[in-house]
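The values are calculated or read from the model by the stated rules, or taken from the named source; none is laboratory data. Note that the structure is predicted; figures quoted are calculated from it, not measured. All Cβ positions, even for glycine, are placed from backbone atoms using ideal geometry, and neighbour counts span all protein chains on display. These area figures cover heavy atoms from the full protein model, side chains too; ligands, DNA and RNA do not enter into them. Shrake-Rupley method; radii C 1.70, N 1.55, O 1.52, S 1.80 Å.
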Amino acid sequence: MSSKSRKKSAASPILDQIMHGGSSVSFNLIALDASLGEGVRMFKTRSLNQVILFKYPNFDDSSAADAFSGEDTEGDRPIETGIYVPYHAEEPEVGGYAVYLRSKNYGDLLKDHFGIDLTKPDPYTAEDLRVLKLIDGIPSLDAFLLKTCFETEKLSVDPRYWAISDGEDVQLRRLIAQRIEPIVRKAITAGQAAGNPGIERFLAAIWNADLPEARLFVSAFGIEQSEAEQVFGAWKGITFYEFQLRRIAASSRAILGWLKSNECLPVDIRANKHLETQLLMYTEKMGKSIEGVMVDIKGILSDYDNCFRTFMDGKPEPFRNFLRSVRKKYWLMGYCISSLGSVNHIFDRYMRNLPTKKLYFEPMYAMLKQFDVALDRRRERTTSF
């Protein structure tokens, strides 16, 4: 990285998050563009393939609490999507500007920067807008979630866009099906013979909400049939994040332990004695932020497990309520897992090639600033970097 790039990156933790926050929060289309030919790129509009898509949280003070009460509403999407357009695609770290999909001037910016006119969309433009809307409809940019969403919408995309192997995809689908199957089977076989020939179609409806069985299933829980796809998508999403947590939980707890130990004190803390109190307060704040995320995760998964057990014991009401608010939980879970994953990614990057987990003061402070961005629940819409 050039000195200019290092300077810009150091000055903008948000840009650093976009560039290096991990695959859950950032989708670098530029990195793939050169290897893909015309006709297989994600967007028809050529310039849209020279960007980095990113997610950022926009929770209000009550979002976490609301996830555990009340039914879903159309506006329950507290994670938004941005398009980072670098000044120079070959060196995106130097800086650029951002277009936010839910900003008031979104249409004007699309027209100015990409030549897309929302008022007069041609077939190519309409398809690009459909793709952007689809991406904005999920809480993170994990390859598995993107891939399944595109398949649900019957949008064909070159498999090189998905950083996931066929083996991983099959394994995740199997794990999700195993978690969800008992509930589907219990719901359908209640009072009937276990060999009900319709069972397999109900299980298939988990992955294809167009099947009439999907609508019948959600209707049995008092949910509108038109919401079957969103309910199944959110239910699968929570289950996916549950498995993602298994991958990052141990390292997240280790980082939290590190922040609470003397190991986190910079090597040159004595030379920066006048800033020690400020650093310790910042370190404590980040530790509490990580703990807050873990509390939210525990709350969602405890609710899921309790509803699962009571349903299997013949008491459907708690699980019915769970499904009615499943999208709120899905979006909160998406933030939680993405933020922890990003913190892990940042920590690993700073500790790479170090014989001990000891940083100097400046890198330590820079890392904490990046933790802060990754864990922030309401980030400002920075338009230029």
(message) Taking only Cα atoms of the chain, what ratio of Rg to Rh do you get with Rh as the Kirkwood inverse-distance radius?
(response) 0.99
(request) Report the dimensions of the stretch 234-385 along its three principal axes from the alpha-carbon atoms, largest first, rounded to Å. (result) 64, 36, 27
(request) Please give the direction-averaged projected area of the C-alpha convex hull for the stretch 306-368, in square nanometres with one decimal. (result) 6.6 nm²
(request) Would you kindly state the longest site-free stretch of the chain, with sites defined as trypsin sites (Lys or Arg not before Pro) in a DSSP loop (not H, G, I, E, B) surrounded by at most 10 other Cβ atoms within 10 Å? (result) 155-351
(message) Taking just the alpha-carbon atoms of the stretch 93-242, what radius of gyration and Dmax come out, in angstrom?
(response) 19.1, 65
(message) Taking loop as defined by DSSP and a crowding limit of 16 other beta carbons within 10 Å, which GluC sites (Glu not before Pro) in the stretch 198-262 fit?
(response) GLU224
(message) In whole Hz and in residue order, list the ³J(HN,Hα) couplings for the stretch 229-237 that follow from phi through the Karplus curve 6.51 cos²θ - 1.76 cosθ + 1.60, θ = phi - 60°; x for Gly and Pro.
(response) 4, 5, 5, 5, x, 5, 4, 4, x
(message) Taking the solvent-accessible surface of protein heavy atoms with a 1.4 Å probe, what is the per residue accessible area of the chain in Å²?
(response) 48 Å²
(request) First compute the accessible area of the stretch 179-276 with a 1.4 Å probe, then give the percent of it belonging to carbon and sulfur atoms. (result) 52 percent
(message) I need the Kirkwood Rh of the stretch 163-318: take the reciprocal of the average 1/r across all distinct C-alpha pairs and report it in angstrom.
(response) 19.0 Å
(message) For the chain, what does the helix formula give at 222 nm: sum of -39500 (n - 2.57) over DSSP H segments with n ≥ 4, over the residue count, nearest 500 deg cm²/dmol?
(response) -18000 deg cm²/dmol
(request) Could you grab the relative contact order for the chain? Cα pairs under 8 Å, six or more apart, rounded to a whole percent. (result) 25 percent
